[in-house]
Amino acid sequence: MTKNINKMDNYSEKDIEVLEGLDAVRRRPGMYIGGTGIKALHHMFYEILDNAVDEAISGYCNEIRVTINKDGSVTVADNGRGIPVGKHPKLKKSTLEVILTTLHSGSKFGGNKYSYSGGLHGVGLSVVNALSEKLTVQVHREGQIWELNLEKGKPIDTTTPIGTTDKTGTIVTFKPDDTIFESVVFNSETMMDRIKEIAFLNQGLTIYFSDKREEPHIEEVFSYNGGITEYVAEINKTKTPLHKEVIFFRNERDNVVVECAMQYTDDFTESIYSFVNNVKTVDGGTHELGFKYGLSRVVNEIARVKNILKDKDSNISGDDIREGLTAVINIKMKEPQFEGQTKGKLTNTEVRSIVDSITFESLYNYFNKNTSVLSTIVNKAKEAARAKEAERKARQISNKKNTTDIAGLSSKLAQCTSRKPEECELFIVEGNSAGGTAKQGRDRNFQAILPLRGKILNSEKSRITKILSSNEIKTIIAAIGAGIGKDFSIDKVKYHKIIIMTDADVDGEHIRTLLLTFFYRFMKPLIDEGYIYIARPPLYKITKGKRVEYVFTEKEKDRLLEELGENAEVQRYKGLGEMNPEQLWETTMNPANRVLIKVTEEDAIISDKIFSTLMGNKVDLRRGFIEKRAKYAEVDLSNF
């Protein structure tokens, strides 16, 4: 290797930059909260809420009040012990100021002042402070009220007593810095979803929520005496339970508290949600493995004791036993260890055997007294095993057809010339007319077109055997080229952008929802990897003289017509097929101009509930969902 001495001479001590205090957080926010988008914005709120909840799970707090103030700032108030305010013995300044301005400071490292805590890294409050335009903390403690004000991470005064009190607790008000975040507008529904989850997980905790930005104010109270038992019942409201009672057990072993609520439904999938110290472990971990193993052992063993399984019968597999199961596993422990920064997977090895043994013992006692519930579970599992064998045979037939021309794929799919998945896009288009226009308007180098005929099968309540009997769905499977269900392989996907392009009307929305349901239930890695997108075709073409504008909503149309004045010509597009190829390319397919919405999953429980509500068979729940959200029917693209 040769060295360029002249270039090396330019690198010296003056080039070494030292970021002091919280400057590193402001310079690289993505390292601490995952980005600067709307998800990161709400993560700021979660950090402050989690601090208050840590007081609750340690037994020092039973009320939390969350308020979105009129100016868009957020206040989180708890009635816990209050953050210490006296001088820090080492740093010789207010402990409150130390916690707010120093990364990795706090009482959660020593393991003595918090029996259980999800926030072990000591960065939450200081990071929120660093990324806030303004932050104020009031502490009620030892008969006095103390206050500290900060701007962009730096104190603008000292911790000062401002009054007396007979209460204890901490009140944090913060306003995110709009020079850092893409948007500083909090979504009240997103916040309430997290608050509701926290209230379910912490029996006896009451959380008050208020949004004061618009009249009438939103006011909600979240408190669940039934805890996670109520949580499972809430999740299953959109489903059909196979037994009335939600099974619940709780026990403690080796300083690990294990509680679980579970209920079977007629679904064909399992829905297991796990938490550690209120942290949602989306990738599972040792606690989930322990629960699954304990459940499989106990069902097989006691089913033989009760003669529901005969000696000649083989053991039922864990996958089959868990079909239709909805379960919430909630554990509390000291010093949890997680895989990666996202805390998505618990790795403490000792937890598996603890959860396994508690699950086995608790369910053995329950099933011994409730034989009818056990019989229901075993029969459901046997049905799942039979269906699995039928699915295997259906896949074999489907794979044989794939070697020829499944569902006439070659005549439907207009392939692109590139064979590099990271470059390629697949547009799934509603109807042959729009498909023909898209084929003419596309860039053949990287854009493939697959027209669909009508509405595809509703896959919400369908097994794979039924799915594979649908020609339209088989065509989609073959075009993507990665299999389906448990056989799906993300490495075999032929397109890293799969774009749903439907008309901007009710039928188009329905087709889009059917496609999303299919991808969510049978090809979910496509969503997890960020490969699914929704195209946004315009509603109107507005022309005045030589000026041509395309608009996406009624409000945009009204604003533009007011700006243009009289004699503007308005063309309403009833469907994609009404556009000529050049218009469709310019407005909806050209990467330089188009608007694509990436489909992501914020919360698995909420996603599952939405699909079950919209595509399930409970009409009253679907009607209520739609009526409640009717005012949001016209999408404002400025939010994307």
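The values are calculated or read from the model by the stated rules, or taken from the named source; none is laboratory data. Since the structure is predicted, the reported quantities are computational estimates derived from the model, not experimental observations. All Cβ positions, even for glycine, are placed from backbone atoms using ideal geometry, and neighbour counts span all protein chains on display.
Cβ separations smaller than 6 Å between residues 6+ apart or across chains give the following pairs from the range 248-261 residues that are within 13 Å of N365 (Cβ to Cβ) to residues that are part of a strand (DSSP E or B): F248/A261; F249/C260; R250/E259; N251/V258. In the range 14-52, of all residues being basic (K, R) and more than 29 Å from N277 (Cα to Cα), the one that is modelled with the highest pLDDT corresponds to R27.
For the range 455-472, the candidate set comprises residues that are out of contact with any Leu (no Cβ under 6 Å at 6 or more places or on another chain) and of a type in the set (A, V, I, L, M); within that set, the residue that is nearest to V506 (Cα to Cα) is L457. Sort out which residues of the range 217-242 are within 22 Å of E460 (Cβ to Cβ) and touching a Ser or Thr at 6+ places or on another chain (Cβ under 8 Å), and write them in order of number. The answer is V232, I235, N236, T238, K239, T240, P241, L242.
Exactly one residue out of A592, A630 is over 30 Å from V282 (Cα atoms) and at pLDDT below 80: that is A630.
Do you know which residues across the range 310-325 are in a loop (DSSP other than H, G, I, E, B) and touching an Asp or Glu at 6+ places or on another chain (Cβ under 9 Å)? Don't jump to the end; show me each part of the working.
Here is the first cut: in the range 310-325, the ones in a loop (DSSP other than H, G, I, E, B) are 310-317, 322-324.
Within the range 310-325, R322, E323, G324 qualify.
Let me confirm something: among K134, K167, K152, which residue is charged (D, E, K, R) and modelled with pLDDT of 95 or more? Explain how you work it out, then say what you get.
Values: K167 fails: modelled with pLDDT of 95 or more; K152 fails: modelled with pLDDT of 95 or more.
Result of the check over K134, K167, K152: K134.
Considering only the range 288-297, I want to know if a residue exists there that is without any contact (Cβ under 8 Å) to a residue 40 or more places away in the chain and surrounded by fewer than 23 Cβ atoms within 10 Å (Cβ to Cβ). Yes: the range 288-297 contains one or more residues that are without any contact (Cβ under 8 Å) to a residue 40 or more places away in the chain and surrounded by fewer than 23 Cβ atoms within 10 Å (Cβ to Cβ).
Take the residues of the range 148-184 that are surrounded by 12 or more Cβ atoms within 10 Å (Cβ to Cβ) and touching a Phe, Trp or Tyr at 6+ places or on another chain (Cβ under 8 Å): which is farthest from V127 (Cα to Cα)? Checking each candidate, the answer is P161. Just one of D211, D267 is surrounded by 19 or more Cβ atoms within 10 Å (Cβ to Cβ), closer than 30 Å to G72 by Cβ, out of contact with any Leu (no Cβ under 6 Å at 6 or more places or on another chain) and charged (D, E, K, R); which is it? After applying the criteria, what remains is D211.
G435: at pLDDT below 95 and surrounded by 22 or more Cβ atoms within 10 Å (Cβ to Cβ), yes or no?
Numbers: at pLDDT below 95: yes; surrounded by 22 or more Cβ atoms within 10 Å (Cβ to Cβ): yes.
It is true that G435 is at pLDDT below 95 and surrounded by 22 or more Cβ atoms within 10 Å (Cβ to Cβ).
In the range 272-293 there is at least one residue that is of a type in the set (S, T, Y), within 23 Å of the chain's Cα centre (by Cα) and part of a strand (DSSP E or B). Residue check: is K492 at pLDDT 90 or above and within 20 Å of T600 (Cβ to Cβ)? The answer is no for K492.
Any idea which of P525, P537 is in contact (Cβ under 8 Å) with a residue 12 or more places away in the chain, touching a Ser or Thr at 6+ places or on another chain (Cβ under 6 Å) and either surrounded by 12 or more Cβ atoms within 10 Å (Cβ to Cβ) or outside the structural domain of I467 (by TED's automatic domain parsing) (or both)? One residue alone meets the criteria, P537.
The rows are residues; the columns are (1) out of contact with any helix residue (DSSP H, G or I) (no Cβ under 7 Å at 6 or more places or on another chain); (2) closer than 15 Å to L515 by Cβ; (3) in a strand (DSSP E or B); (4) of a type in the set (D, E).
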{"site": "S411", "(1), (2), (3), (4)": "yes, no, no, no"}
{"site": "C416", "(1), (2), (3), (4)": "yes, no, no, no"}
{"site": "P421", "(1), (2), (3), (4)": "yes, no, no, no"}
{"site": "I428", "(1), (2), (3), (4)": "no, yes, yes, no"}
{"site": "A434", "(1), (2), (3), (4)": "no, yes, no, no"}
{"site": "K439", "(1), (2), (3), (4)": "yes, no, no, no"}
{"site": "R444", "(1), (2), (3), (4)": "yes, no, no, no"}
{"site": "A448", "(1), (2), (3), (4)": "yes, no, yes, no"}
{"site": "P451", "(1), (2), (3), (4)": "no, yes, yes, no"}
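Looking at the range 477-490, can you tell me whether even one residue there is in a helix (DSSP H, G or I), farther than 20 Å from F268 by Cα and in contact with a Pro (Cβ under 9 Å, 6 or more places away or on another chain)? Checked against the condition, which is being in a helix (DSSP H, G or I), farther than 20 Å from F268 by Cα and in contact with a Pro (Cβ under 9 Å, 6 or more places away or on another chain), the range 477-490 yields at least one hit.
Considering each residue of the range 284-334, count those that are among the hydroxyl-bearing types (S, T, Y) and over 20 Å from Y364 (Cβ atoms), and give that number.
Within the range 284-334, the subset among the hydroxyl-bearing types (S, T, Y) is 286, 293, 296, 314, 317, 326.
With over 20 Å from Y364 (Cβ atoms) added as a condition, the list becomes 286, 314, 326.
Total satisfying the criteria: 3.
Only one of the numbered conditions (1) farther than 30 Å from R65 by Cα; (2) in contact (Cβ under 8 Å) with a residue 40 or more places away in the chain is violated by P241, and that is (2).
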